[in-house]
1. With the full set of protein chains in place, find how many percent of the accessible area of the stretch 104-205 is carbon and sulfur; take the probe as 1.4 Å.
2. Where Rh is the Kirkwood radius over the Cα pairs of the chain, the temperature 37 °C and the viscosity 0.692 mPa s, what D in µm²/s does Stokes-Einstein return?
3. What are the equivalent ellipsoid semi-axes of the stretch 4-137, built from the alpha-carbon gyration tensor (square roots of five times its eigenvalues), in whole angstrom, biggest first?
4. Among residues other than Leu8 whose Cβ falls under 10 Å from its Cβ, what is the net charge (Lys/Arg +1, Asp/Glu -1)?
5. Hey, can you rank 250-259, 86-95, 263-272 by average C-beta count inside 10 Å, highest first?
6. Between the stretch 129-192 and the stretch 216-233, how many Å separate their Cα centres?
7. May I ask you to order 191-198, 337-344 by the average number of other C-beta atoms within 10 Å around their residues, highest value first?
8. Treating the angle as unsigned and between 0 and 90°, give the value, to the nearest 10°, between the Cα long axis of helix 64-73 and the longest Cα principal axis of the chain.
Amino acid sequence: MRFRSRLLVDLARLESNFKLLKQLCPNNETIFMVKADGYGHGAVPIVRFSYNEVGIKEFGCATLGEALQLRNEIPDGEFEVYVFSDIQIYLKECAEHYLNRRILPVLSNIDDLDFFLSSSEFKHCPLVLKFNTGMNRLGLDLSQTEEVIKKIKSNGRKSIYHLMSHFSSASLNMESKRNVEQKEHFAKLKSDFLAAGLDLERTSLSNSGAIEQKAGLEETHVRPGLMMYGPSSLIKPERTNSFWKGEIISQLETYIIRVFPVDRGTPIGYGATPVSDDGFIAIIALGYGDGFSTRFGGATIPYKGFQGKIVGRVNMDMAQVFFPKEAESVLNAGDIFTIWDHDPERLLDFAEQTGTIPYELFCQLTSRVPRLYNFK
Ligand SMILES: Cc1ncc(COP(=O)(O)O)c(C=O)c1O
């Protein structure tokens, strides 16, 4: 556990982001994706706040364990929880949780659907189906539509609680061929279900990248993840297509443990990497044990009017940041050093420099970095 390296999570900004989301899609209900511990921000406080203070009533997890954590730690929460990928309904101990804890499994293959329909226990469980319209990961195959409809009808069901699919390329322009095809496939899928006399109570298609471009809003629901935490998920050349104006809800802070002068060529840290110029090294209290990856080496971070450059090998507990000689007066041991703040550009720039994505920057922070929450 760290004391002065921490992720400060500003929940008021989460509320503002939700308000901005509602401006983009005022007529859609929201399933807020909080998998991977709320994209690294702490799923329980994020959901507790979103449900109690913001009024969000539906949440998406990847695993049953994540959904159970929400149920256990927010026992009064009457929100809906979906489990999207790792559902394992065929395991007795898992099936019981879905049924007893009001957790919705998203069925995305025929075997799970068969099990679900044949089990008398799931008779009253809402049916949630995810189809593959081009993601080619999970999802019922479009070629199985007729078979799926037949199975559902012969089971006596008259409606699908939620029919969904997922874009593979929402970080690109929504008018690109692949996205247009996926939208068309989903429209056809819906009309096939309706033509067969099955009611569709809820439908959803769009994750952040699509919502940012106001796509898929003809469905009842949207499923934002990343944008609620702040960043755009569009690739840089496409960002002009984004209507998203959210702010990063978190700030990753550490502090300077030590500052010392170096001459050009001074070997630094593990691997003894020589520094490229005269200047100063600031040792910061974040390493790969905190999720501050070795891949961050070479990236620059703005600090008090200067650009610090991560040099040498990031190690488990610390990293070395090089500054030019002129920065001497602003470099003090004990001072706070911010990796990202509420400005999306800064975080997106860091992701780009380090060859990562904002999703990964958030999610890879380890439990050694405390998450601290601020409401106002
Ligand atoms: C099925 C599904 N819907 C929605 C999302 C949210 O995606 P994003 O974080 O890009 O908004 C995800 C995340 O991967 C997902 O798997």
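The values are calculated or read from the model by the stated rules, or taken from the named source; none is laboratory data. Small disclaimer: the values here were computed from a predicted structure and weren't measured. Note: ideal-geometry Cβ built from the backbone for every residue, glycine included; neighbour counts use all protein chains shown. Only protein heavy atoms, including side chains, enter the accessible area calculation; ligands, DNA and RNA are left aside. Shrake-Rupley method; radii C 1.70, N 1.55, O 1.52, S 1.80 Å.
1. Details: 2310 of 4730 Å².
The nonpolar share, carbon plus sulfur, comes to 49 percent.
2. Details: Rh = 22.5 Å.
The Stokes-Einstein estimate is 146 µm²/s.
3. Numbers: eigenvalues 159, 59, 41 Å².
For the stretch 4-137, the semi-axes come out at 28, 17, 14 Å.
4. Charge balance near Leu8 sits at -1.
5. Details: 250-259: 20.7, 86-95: 16.0, 263-272: 12.1.
By packing density, highest mean first, the sequence is 250-259, 86-95, 263-272.
6. Cα centroid to Cα centroid, the span is 18 Å.
7. Working: 191-198: 13.6, 337-344: 18.8.
Averaged packing, sorted descending, gives the order 337-344, 191-198.
8. Compared with the principal axis, the helix lies near 80 degrees.
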